[in-house]
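The values are calculated or read from the model by the stated rules, or taken from the named source; none is laboratory data. The shown structure was predicted, so the numbers you read here are calculated from the model rather than taken from an experiment. Glycine also receives a Cβ, built like all others from the backbone with ideal geometry; neighbour counts cover every protein chain displayed.
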């Protein structure tokens, strides 16, 4: 599990963990962590388990534009700017993953899908910039 997790209440993962690797995540807010057992806070979790040795608790400076979460998971959430803020604790907090985040701007990839300092990636179908069909090569003949 890798990524950024922001919840309104303390974290609770209820699945049994067997030989799991949970590291390089950003969590907010700090509070009780419960996977199979409970820990009073993130520091307690890091000190007593092999989980989140490189994880981070993120603060209100995480995003350039303050993030306002919907009241519950059933509320539609419109497009939101999730560019990291200049003082975000998520900057350089990730782990390099081959062919996923090879191009990063700092000493390590940032947490999340958008790397601060690199152009926003573009995924999926895009409008063609060419309005003319490609030219027919001149060195090919059809007889």
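Numbers for the structure displayed
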read-out	value
Number of the condition not met by residue 17 [criteria: (1) modelled with pLDDT under 85; (2) closer than 23 Å to residue 109 by Cα]	(2)
Qualifying positions in segment 30-81 - in a loop (DSSP other than H, G, I, E, B), at pLDDT below 85 and either touching a strand residue (DSSP E or B) at 6+ places or on another chain (Cβ under 8 Å) or closer than 20 Å to residue 114 by Cβ (or both)	49, 66, 67, 68, 69, 77, 78, 79, 80, 81
